[in-house]
1. Restricting to region 19-34, what's the tally of residues that are touching a strand residue (DSSP E or B) at 6+ places or on another chain (Cβ under 7 Å), in a helix (DSSP H, G or I) and not β-branched (Val, Ile, Thr)?
2. Give me a count of the residues in region 269-306 that are under 23 Å from residue 221 (Cβ atoms), hydrophobic (A, V, I, L, M, F, W, C) and in a helix (DSSP H, G or I).
3. Looking at region 139-191, which of the residues that are among the aliphatic types (A, V, I, L, M) and without any contact (Cβ under 8 Å) to a residue 40 or more places away in the chain is surrounded by the most Cβ atoms within 10 Å (Cβ to Cβ)?
4. Just to verify a result, which residue in region 179-220, among those that are of a type in the set (Gly, Ala, Ser) and at pLDDT 95 or above, is nearest to residue 101 (Cα to Cα)?
5. Take region 264-298 and flag every residue that is of a type in the set (A, V, I, L, M, F, W, C) and either touching a Phe, Trp or Tyr at 6+ places or on another chain (Cβ under 9 Å) or within 16 Å of residue 205 (Cα to Cα) (or both).
6. Assuming residue 16 fulfils every condition listed in (1) surrounded by 14 or more Cβ atoms within 10 Å (Cβ to Cβ); (2) among the polar types (S, T, N, Q); (3) not in a loop (DSSP other than H, G, I, E, B) apart from one, which condition is it?
7. Determine which single condition residue 192 fails, assuming it passes every other condition in (1) in a strand (DSSP E or B); (2) out of contact with any Asp or Glu (no Cβ under 7 Å at 6 or more places or on another chain).
8. Please identify the pairs in which a residue from region 323-348 that is closer than 27 Å to residue 365 by Cβ has its Cβ atom under 7 Å from the Cβ atom of a residue that is part of a helix (DSSP H, G or I) and of a type in the set (Phe, Trp, Tyr), counting only partners at least 6 apart or on another chain.
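The values are calculated or read from the model by the stated rules, or taken from the named source; none is laboratory data. Predicted, not measured: the structure shown is a model, and the values here were computed from it. All Cβ positions, glycine included, derive from the backbone under ideal geometry; neighbour counts span all protein chains shown.
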Amino acid sequence: MAENVVGVVRGSEKLQSFSNLVGISGFDEALAAAHAASGKTKENFRVVVKPNMMVFVSRNGFEATVTDWELVETLIDHIGSLGFTNVAICEAQHDVGRMFKNHNVQFVADQIGYRPNGRYRIVDLTLESVPHAYPYIDSRGRPKVWKDVVGVTWRDADFRISFAKCKTHEHDWMTLAVKNIYGCFPATNKVARYHIRNEVFDVTARSLRSFPVHFAFIDGWIGSDGFQGYKVPSPQPLRMLFGGRDVIAVDMEAFKRAGVDPLKSRTLRNAVEQVNGGAYPAYAVQGDATTRFADVCPWGNIADDIVQAIDHLEEVYVGWALINLKPSAEYMDYTLFPPKNFLYRLVVWLSKKLNAVFKLTWLYRKFYRRRRPSAAGPQP
């Protein structure tokens with residue numbers, strides 16, 4: 001098998017398709033090589049899986065926006081069958097949990113369907129936050145250090161797995177396995193800290209530089225497309241799964257299948273600059289080599305001008321509030337996640353009123369008009 005392989009599987013039975021992906025992507029070999037290099041026993045070798053969970057705010061259609069828990073538990077059971085029993089699933093809290101009750105990692109994981117039963121631990125990285133100095137290279141090629149925080153379980157892992165969901169995102173066209181690790185930052189004030197005071201693309205790349213991902217999977221069994229597809233379900237039955245040792249290469253292939261040029265992605269560009277010295281990885285595809293999302297379903301991408309507009313809007317809280325009116329007013333389940341106090345109850349009421357007005361504007365129609373991949377699209 002070539003050293004840098006991206007496995008792509010499209011099938012009709014989910015768990016069998018995932019088993020095929022594990023085989024063709026070289027997961028067992030990657031895990032064995034990392035274990036051998038560690039010098040540890042299998043019992044002490046720490047494996048951590050970062051699925052996409054914390055966008056869960058409703059049971060309505062969540063299968064399209066969070067990583068499939070059956071796939072994650074199937075992977076963990078497979079890891080256990082190889083003798084590795086020190087396994088954790090990790091996530092961290094964010095701004096939603098500051099405003100609404102119950103939006104913590106344990107509660108969300110339970111609602112999604114995770115049942116550890118002694119096979120693995122569920123870790124809330126927010127509860128184990130410690131300071132960390134992140135070395136990085138600035139835009140002039142100079143070494144710098146950025147001081148922030150990290151979760152201990154993610155920091156100390158011997159084998160890190162990013163298990164992302166295949167979704168569109170208005171900040172960068174797609175949110176996949178590289179962007180998924182942004183959710184490992186333990187700080188809860190993520191909007192102010194990583195979108196307004198810093199750039200999310202920068203901090204994600206710095207995290208990847210300090211804490212490499214050893215394997216990446218993308219769950220595209222059910223994808224979510226269109227504007228805010230990452231948080232407002234727009235289910236698309238792709239029945240596609242991706243995996244490989246190189247997290248950047250895995251994302252590149254998924255971008256191509258969506259009909260989006262991966263070279264446009266700031267997330268991938270910054271990761272390449274911090275991890276690969278600016279060189280995009282070469283890789284070979286094993287399995288399905290040609291299927292594009294548009295071949296399977298009417299997949300809707302986000303237009304370039306929308307991505308550019310959002311980059312400017314997010315710099316101010318007013319813009320952030322504007323683009324989140326619809327998910328707040330129409331999708332979030334306030335029975336599961338009630339507001340913490342009167343102020344946030346007022347915010348919910350106001351969001352619903354403003355959303356009714358926003359839906360009448362040209363801006364709403366511009367954001368939510370669906371875009372299809374071009375006929376040609378980027379070539380694999």
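1. Here the count works out to 6.
2. Total satisfying the criteria: 3.
3. Of region 139-191, the ones among the aliphatic types (A, V, I, L, M) are 145, 149-150, 152, 157, 161, 164, 174, 176-178, 181, 187, 191.
Narrowing further to those that are without any contact (Cβ under 8 Å) to a residue 40 or more places away in the chain: 145, 149, 152.
On the way: 145: 9, 149: 18, 152: 16.
Filtering first and then ranking leaves 149.
4. Taking region 179-220 first, the residues of a type in the set (Gly, Ala, Ser) are 183, 187, 192, 205, 207, 210, 216, 220.
Keeping just the survivors that are at pLDDT 95 or above gives 183, 187, 205, 207, 210, 216, 220.
Working: 183: 19, 187: 17, 205: 31, 207: 29, 210: 33, 216: 32, 220: 30 Å.
Among residues in region 179-220 that are of a type in the set (Gly, Ala, Ser) and at pLDDT 95 or above, the one nearest to residue 101 (Cα to Cα) is 187.
5. If we filter region 264-298 for residues that are of a type in the set (A, V, I, L, M, F, W, C), which is where we start, we get 268, 271-272, 275, 279, 282, 284-285, 289, 293-294, 296-297.
Correct list: 268, 271, 272, 275, 279, 293.
6. Tallying (1) surrounded by 14 or more Cβ atoms within 10 Å (Cβ to Cβ); (2) among the polar types (S, T, N, Q); (3) not in a loop (DSSP other than H, G, I, E, B), residue 16 fails exactly one: (1).
7. The failed condition is (1).
8. Listed by first residue and then by second, the contacts come to 325/358.
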